[in-house]
Amino acid sequence: MIPLAQQDRALWDREQIAEGVALLSATLPKGSIGPYQLQAAIAAVHDEAGRADDTDWPQILALYDLLRRMSDNPMVALNHAIAAGMVHAVTKGLELLDALKADARLVDHHRLDAVRAHLLELAGDCKGAVRHYRAAAGKTGNLPERNYLLTQAARLSSELQLMNEQE
């Protein structure tokens, strides 16, 4: 697993991305927009950014706002929280995650902890991030995801240990 922000976008097939964006641009104005079109539009915004730092997060947040109105999907809500955290502040994303803790569809899902860990790491709360990466790893049955989450926890634990040794 390679997170979107860490992917080498030079390896992405720009010709296929351009074709997909052209198809999406041609179809969006022609009819009613549904969840698949919005998901494609979100992917296109990510694809068009040459670097992760160039991602148009406000546009992605707006698309997730629309998608949430169409679909009561907990994964959409998680992604919406990430986008809100990237646009407004990480604390806003964490606040939205707190509201999802009561959703029975997510209570035991590893992605709720994984997203919280990611946002806590962005906020500089490495101890909290480690705790949630480990919790997420314990909830997933997917071995590559589990290994990734444990690797993230180990990386942050090492960084914390180095910082403590330097103090």
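Where a number appears in this text, it was derived from the coordinates with a stated rule and is not lab data. The structure displayed is predicted, hence computed values, not measured ones. Please note: Cβ atoms are built from the backbone with ideal geometry, for glycine as well, and neighbour counts cover all protein chains shown.
Values computed for the structure shown
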{"item": "Extension reserve of the L150-A123 stretch, reckoned as 0.36 nm per residue once the Cα distance is removed", "result": "7.8 nm"}
{"item": "Cβ-Cβ FRET estimate between I2 and A62, R0 fixed at 35 Å, reported to 0.05", "result": "0.85"}
{"item": "For the stretch 105-167 versus the stretch 27-89, the gap between their alpha-carbon centres in whole angstrom", "result": "25"}
{"item": "Tensor-based shape of the stretch 6-70 (alpha-carbon gyration tensor, a/c under 1.5 rounded, otherwise prolate or oblate)", "result": "oblate"}
{"item": "Estimated inter-spin distance, D98 and E167, nm [label 7 Å along Cα→Cβ]", "result": "2.5"}
{"item": "Cα centre as origin, Lys/Arg/Asp/Glu Cβ charges: the stretch 1-84 dipole, Debye", "result": "280"}
{"item": "Highest to lowest packing among 114-126, 12-24, 55-67, scored as the average C-beta count within 10 Å", "result": "114-126, 55-67, 12-24"}
{"item": "Pairwise label distance in nanometres, L160 with D108, each label 7 Å out on the Cα-Cβ vector", "result": "2.7"}
{"item": "Within-10-Å neighbourhood charge of S157 [Cβ basis; K, R +1; D, E -1]", "result": "+2"}
{"item": "Student exercise, the chain dipole from Lys, Arg, Asp, Glu Cβ charges, in Debye to nearest 20", "result": "500"}
{"item": "Within-12-Å neighbourhood charge of I2 [Cβ basis; K, R +1; D, E -1]", "result": "0"}
{"item": "Helix-only [θ]222 nm of the chain, DSSP H runs n ≥ 4, -39500 (n - 2.57) each, per residue, nearest 500", "result": "-23500 deg cm²/dmol"}
{"item": "Listed residues S157, L120, A136: farthest to the positive end of the dipole of the stretch 84-167 (Cβ charges)", "result": "A136"}
{"item": "M70 versus N142: modelled label distance in nm, points set 7 Å from Cα along the beta carbon direction", "result": "2.2"}
{"item": "Mean shadow area of the chain over all directions, Cα convex hull, nm²", "result": "11.1"}
